[in-house]
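Student: Just dropping this structure here.
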Amino acid sequence: MGINHDVRRAVKLVKEVRASRQAKRALHGKLAEQGPLPSGHFKIAVYFADGPVNLYQMRQWYKPLARLAETWPVVILSRTSGGTLTMLSESPLPVAHVRKVTELEQVIAEQDIRVVFYVNQNTKNFQMMRYGRRWHVFINHGESDKMYMTTNQFKAYDYAFVAGDAALARLDTVLWNYDFDARAVKIGRPQADHYAGTLPYTPDERQVVLYAPTWEGDRPAAAYGSIASHGVGIVTALLATGRHRVIYRPHPRSGVVDPAYAAANKRIIQAIAAANARDSAAQHIYDTGAELGWQLSNADVAIVDISAMVYDRLAAGKPLLITRPLNAAAEIDRGGYLSDCEWLAAKDAPNVVAEIDQLTHDEAAEARLAVWVERYFGDSTQGAATARFHAAVQHVMDEWDRFKTLHSQDAEIDELEKEPQGEPV
């Protein structure tokens with residue numbers, strides 16, 4: 001028994017070493033393909049210390065940052081090999097691989113970085129925040145009413161770009177002695193200006209319904225997933241009408257905890273395939289793509305679980321149904337949009353067609369939605385959030401110039417920045 005265990009461990013170790021070497025070779029090849037970064041070119045850096053598993057936090061910023069880079073050159077500072085390798089293949093922005101602190105310092109020395117963006121609260125952010133004479137700005141990776149959105153860590157940054165009034169009100173309940181006027185800047189949801197994309201179907205008279213459930217969760221308080229409770233009923237009813245097109249986009253972790261959840265997910269996928277086989281013009285979509293945007297902007301109605309998808313869709317300002325969790329222990333925020341949204345109970349899932357018909361002809365529901373869109377994101381007309389985002393960047397750049405002038409007599413290099421900081425573990 002012990003010998004077999006040791007053999008399995010040795011085989012696993014050999015495979016891991018081989019995979020690591022292959023990844024390193026691939027990374028070196030991609031970096032060589034990109035070529036050296038032009039010296040003194042970049043004014044803005046996006047710091048990302050996570051690996052591929054959290055790249056969704058970066059992906060949603062690709063398009064807004066690529067637009068911003070037309071005015072202020074942007075580079076991504078990636079601290080992991082896996083994250084760097086993936087972004088070198090998919091990012092529209094240049095990527096610097098800075099696994100070691102010395103590599104990070106070299107890029108800082110070679111570039112004219114004035115603003116550093118952060119999309120999450122990784123503890124390694126502090127290895128970047130030690131560098132002064134530049135603004136450190138938290139831009140986050142989404143808008144929601146989760147506890148993550150009220151962390152005191154906001155205070156660590158010079159500025160925070162937030163979505164709108166709802167975010168300010170949320171933060172005001174927890175941040176003591178925080179100068180919101182000076183440090184919190186409302187920008188809306190610039191990602192929503194880039195929701196358009198290539199459609200994998202031909203638009204016609206069918207009503208397009210996006211069903212984007214989350215996974216089942218790993219504890220009762222987070223049991224928001226609806227695939228097992230609502231999903232089969234929702235999709236079965238919509239596939240049967242002949243006047244609806246379903247876009248099914250489940251969370252990639254769906255079914256990892258609960259076999260019944262996995263089985264329901266499989267039933268839905270099979271039902272979609274069977275419906276397309278019966279009627280090729282239906283063009284129902286089982287969506288597993290990395291790109292998120294066209295689904296939110298093109299669906300006539302969206303049905304989502306309590307997750308970031310609620311707020312991603314809310315930014316589109318179009319009809320939205322939220323599945324009510326079957327588990328009574330699931331925690332629901334009662335102070336924001338979920339206190340006034342349109343719910344879909346599990347018992348009503350088989351009658352979802354009637355629910356959708358009522359929603360899309362309900363002027364009161366439309367008016368309520370508009371109020372919440374304004375509260376969370378401000379002006380949501382096309383291009384408005386992008387304009388606010390660019391104005392916010394211009395403001396911090398102007399402030400950088402002002403402080404540069406104020407400190408023009410200071411030493412060129414801060415002694416703190418000379419001190420060796422060691423390498424990351």
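The values are calculated or read from the model by the stated rules, or taken from the named source; none is laboratory data. Since we're looking at a predicted model, the values are computed, not measured. So basically every Cβ, Gly included, is an ideal-geometry build from the backbone, and we count neighbours across all protein chains shown.
Student: Filter region 48-77 down to residues that are assigned to a helix (DSSP H, G or I) and closer than 20 Å to ALA391 by Cβ, then give me how many there are.
Tutor: The number of residues fulfilling the criteria is 6.
Student: From the list VAL119, VAL101, VAL95, exactly one residue is more than 23 Å from ALA387 (Cα to Cα), touching a strand residue (DSSP E or B) at 6+ places or on another chain (Cβ under 9 Å) and not aromatic (Phe, Trp, Tyr). Which is it?
Tutor: Answer to the selection: VAL95.
Student: Which of the residues that make up region 255-294 are of a type in the set (Ser, Thr, Tyr), in contact with a helix residue (DSSP H, G or I) (Cβ under 6 Å, 6 or more places away or on another chain) and not in a helix (DSSP H, G or I)?
Tutor: Matches in region 255-294: TYR286 only.
Student: Looking at region 81-92, which of its residues are more than 16 Å from ALA290 (Cα to Cα) and surrounded by fewer than 20 Cβ atoms within 10 Å (Cβ to Cβ)?
Tutor: Result: SER81, GLY82.
Student: Identify all residues within region 298-323 that are in contact with a helix residue (DSSP H, G or I) (Cβ under 7 Å, 6 or more places away or on another chain) and either surrounded by fewer than 16 Cβ atoms within 10 Å (Cβ to Cβ) or not β-branched (Val, Ile, Thr) (or both); write none if there are none.
Tutor: Hits for region 298-323 are ALA302, TYR311, ASP312, ARG313, LEU314, ALA315, ALA316, GLY317, PRO319, LEU320, LEU321.
Student: Would a scan of region 358-373 turn up a residue that is at pLDDT 95 or above, within 26 Å of the chain's Cα centre (by Cα), within 30 Å of LYS100 (Cβ to Cβ) and part of a helix (DSSP H, G or I)?
Tutor: no
Student: Further, regarding this structure: Does at least one position in region 330-344 carry a residue that is at pLDDT 90 or above, assigned by TED's automatic domain parsing to the domain that holds ILE108, under 27 Å from the mean Cα position of the chain (by Cα) and in a helix (DSSP H, G or I)?
Tutor: The answer is no; no qualifying residue exists.
Student: State yes or no: is THR102 surrounded by fewer than 17 Cβ atoms within 10 Å (Cβ to Cβ), in a loop (DSSP other than H, G, I, E, B) and of a type in the set (S, T, N, Q)?
Tutor: When the stated conditions are applied, THR102 does not pass them.
Student: Select from region 237-283 the residues that are over 23 Å from ASP204 (Cβ atoms) and of a type in the set (D, E, K, R) and write down the one among them that is surrounded by the most Cβ atoms within 10 Å (Cβ to Cβ).
Tutor: ASP258
Student: Tell me which residues, restricted to region 87-99, are under 15 Å from ALA49 (Cβ atoms) and either assigned to a helix (DSSP H, G or I) or not assigned by TED's automatic domain parsing to the domain that holds VAL162 (or both).
Tutor: MET87
Student: Separate question: Looking at GLY197, GLY233 in this structure, which one is modelled with pLDDT under 95 and surrounded by 14 or more Cβ atoms within 10 Å (Cβ to Cβ)?
Tutor: Of GLY197, GLY233, the one residue that is modelled with pLDDT under 95 and surrounded by 14 or more Cβ atoms within 10 Å (Cβ to Cβ) is GLY197.
Student: Identify the single condition in (1) touching a Gly at 6+ places or on another chain (Cβ under 8 Å); (2) without any contact (Cβ under 8 Å) to a residue 40 or more places away in the chain; (3) not β-branched (Val, Ile, Thr) that PRO73 does not satisfy, given that it satisfies every other one.
Tutor: Of the numbered conditions (1) touching a Gly at 6+ places or on another chain (Cβ under 8 Å); (2) without any contact (Cβ under 8 Å) to a residue 40 or more places away in the chain; (3) not β-branched (Val, Ile, Thr), the odd one out for PRO73 is (1).
Student: Follow-up. Can you tell which of GLN34, GLN57, GLN22, GLN121 is closer than 25 Å to GLY383 by Cβ and at pLDDT below 95?
Tutor: Of GLN34, GLN57, GLN22, GLN121, the one residue that is closer than 25 Å to GLY383 by Cβ and at pLDDT below 95 is GLN57.
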